[in-house]
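The values are calculated or read from the model by the stated rules, or taken from the named source; none is laboratory data. Bear in mind that the values here come from a model prediction, so they are computed numbers and not experimental data. Here the Cβ is made from the backbone with ideal geometry for all residues, glycine too, and neighbour counts use every protein chain on show. Areas reflect the complete protein model, heavy atoms only, side chains present, ligands, DNA and RNA absent. Shrake-Rupley method; radii C 1.70, N 1.55, O 1.52, S 1.80 Å.
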Amino acid sequence: PSWNVKNKDTLKKKEFWYQDAYSEVTRKLLVERNYFLAKNIIFFIGDGMSVPTVTAGRIYEGQLKGIIGERNRLEFEKFEHVGLSKTYCADRQVADSACTASAYLCGAKANYRTIGVSADVKLDDCAAAKKPSNQLSSIAEWALRAHKSAGLVTTTRVTHASPSGLYAHTSNRDFESDFDVKDLGQNPANCPDIADQLVTGEVGKRLRVVLGGGTSKFLPNTVTDKYGKKGQRLDGRNLIDEWKKNKRGRVHTVFDRTELSKINPSRTDYLLGLFNSSHLAYNLDDSIDTPSLSEMTAAAIKVLSNDPAGYFLFVEGGRIDHAHHETKAKKALDETAQFSAAVKRALQMTNPWETLIVVSADHGHTMTINGYPDINNSITGLNSELSDKDNKPFATLSYANGADFEKFFTTNADGKVERVDLTNANIGHKDTIYPHGVPMAEETHGGGDVAVYANGPWAHLFTGVYEQSTLPHLMAYASCIGPGTTYCSLRPRNPYLH
């Protein structure tokens, strides 16, 4: 079918929809299941990428291309195998990025704000988090045990909740540096911080590629990084220097896009890239020589591909979530489009017969697509209709809750509260704060299921509705790694096994 429809009149013809459906049926009938061994796994997480975010992101990207947005498809939406995962924590109905990281990376549900530990560990219980019996092993560790390589890429700090699920065990996601531990009322001697675990932990120190932000968590408070910001650490340690000293082979540290582009991947054994003091800038904001998520993903794949045994790579589009928390919907959708571009880059660089690519989200958000706007109406702008109650315009995108609640309501001369007229509110600007209903310090996560998209060996296993904690076990099965049943342990009579 022709996806790049530009003329709205085309959508009014029944023949178009019939032919569209016939083409889809034919394509479905030609889909084959891939039973090859997954030598490599690339796991993409769009942080906060709810199903409505995917839908709106699809329309946004299509409208940027100049086509009817509803007909567009993000790169991972072209995958044939799609499922839904349930995102709740062991103790919360609506999850955060910490307990979900434990689920989709370590294979077990955990408590709210804890990472890499079982639900026997409660928030801030450092002693329980240090017990080996309470610590969870991640799929990165499973890959390393199978003599594969592992790495991570993120647009957040590399010590943030999602990436730290690969290598850390902590009773509080905010223990990113020893300063954070002390600031939160705990003793750094009893609570190993996340940055330290990345550099000295059994999994963290073996990661071949680490790309993202967060120099502040690695540098002492007496050192200023290249971005003009001082480090946070109280222990005087420079963990970036320690990372380099503890490695053997060809080791590189990079701090901007130019330095990253000069790396020779075939001559790189370990690569650490920290491209900001904190998180990387939004794509729509100005930044100084910052690599895109696609560029970081490409660099990681090139370095990890040096290992003939294969690799596991985690890639996070982390700032989708941050934009939603700020109710800046346009930035969230643009980060989703950037995330899709990174998936496309990975597909171009890998062999679908030996590389399993899984794309999902950790949790949702409260953004919704509402009203009855015209086809291809600007997804980030005002609805094409007015409210049938107050006859005022409203945004197609809105949130259930968020900050600056009062700016959307006013009190008239009669003392009655009414909505602000959004006609001149510049809805659609990159920093527009979108309307919401309940006042909060920041917008919260949503508790809905999130989609899972899979392509490559054993991708058909990812269909249906299942617990989020099933995901790493499915990936491990396809790659013959991990503690559970795998494709290899069942010893099927299959000529494709290699």
For a quick check of your reading of the filter: which trypsin sites (Lys or Arg not before Pro) in the stretch 1-40 sit in a DSSP loop and have no more than 10 other Cβ atoms within 10 Å?
Lys13
Here P(r) for the stretch 371-439, Cα-Cα distances in 10 Å bins, as whole percents, is 20, 53, 25, 3
What list of ³J(HN,Hα) couplings, whole Hz, do you get for the stretch 308-315 from phi and the Karplus terms 6.51, -1.76, 1.60, once you set θ to phi - 60° and write x for glycine and proline?
x, 7, x, 7, 10, 10, 9, 10
Multiplying the sequence separation of Lys416 and Ile369 by 0.36 nm and subtracting their Cα-Cα distance, what value in nm do you get?
14.2 nm
Given contacts defined as C-alpha pairs under 8 Å and at least six residues apart, what's the relative contact order of the stretch 239-311, whole-number percent?
29
Take the alpha-carbon centre of the stretch 296-357, take the same for the stretch 34-85, and report the distance between them in whole Å.
11
Starting from the stretch 417-498, pick out the trypsin sites (Lys or Arg not before Pro) whose DSSP state is loop and whose Cβ has at most 16 other Cβ atoms within 10 Å.
Lys430, Arg493
Descending semi-axes in whole angstrom, ellipsoid equivalent of the chain, from the Cα gyration tensor:
36, 30, 21
Quick one: compute the contact order of the chain, relative version, from alpha carbon pairs under 8 angstrom and 6+ residues apart, as a percent.
24
Of the accessible area of the stretch 10-145, computed with a 1.4 Å probe and all protein chains kept, carbon and sulfur make up a percent value of 53
Using the 4.7 Å Cβ rule, please list in number order the cysteines from the chain without any candidate partner.
Cys106
Scanning the chain for helices, which whole DSSP H stretches are 24 Å or more long along the axis (Cα) and average -1.0 or more by Kyte-Doolittle?
329-349
Per the rule of 0.36 nm per residue minus the C-alpha distance, extending Ala441 to Glu467 adds in nm 6.4 nm
Roll a 1.4 Å probe over the protein chains and send me the accessible area per residue for the stretch 27-177 in Å².
33
If each of Lys262 and Tyr18 carries a label point 7 Å out from its Cα toward its Cβ, how far apart are those two points in nm?
6.3
For the stretch 193-279, what % of the accessible area comes from carbon and sulfur atoms, probe 1.4 Å?
44
Find the accessible area per residue for the stretch 182-247; the probe is 1.4 Å, ligands and nucleic acids are left out, and the unit is Å².
46
For n ≥ 4 DSSP H runs only, could you compute -39500 (n - 2.57) per run for the chain, divide by its residues and tell me the 222 nm figure to the nearest 500?
-7500 deg cm²/dmol
Could you check the simple spin-label distance between Val94 and Asn187, using points 7 Å along Cα→Cβ, in nm with one decimal?
3.7
Solvent-accessible area, 1.4 Å probe, carbon plus sulfur percent, for the stretch 371-439:
50
Exceeding the 23 Å Cα-Cα cut-off - candidates Lys14/Lys344; Lys230/Lys262; Lys39/Lys245; Lys131/Lys182; Lys182/Lys247; Lys130/Lys217:
Lys14/Lys344; Lys230/Lys262; Lys39/Lys245; Lys182/Lys247
Probe of 1.4 angstrom, ligands and nucleic acids ignored: what's the accessible area per residue over the stretch 367-437, in square angstrom?
56
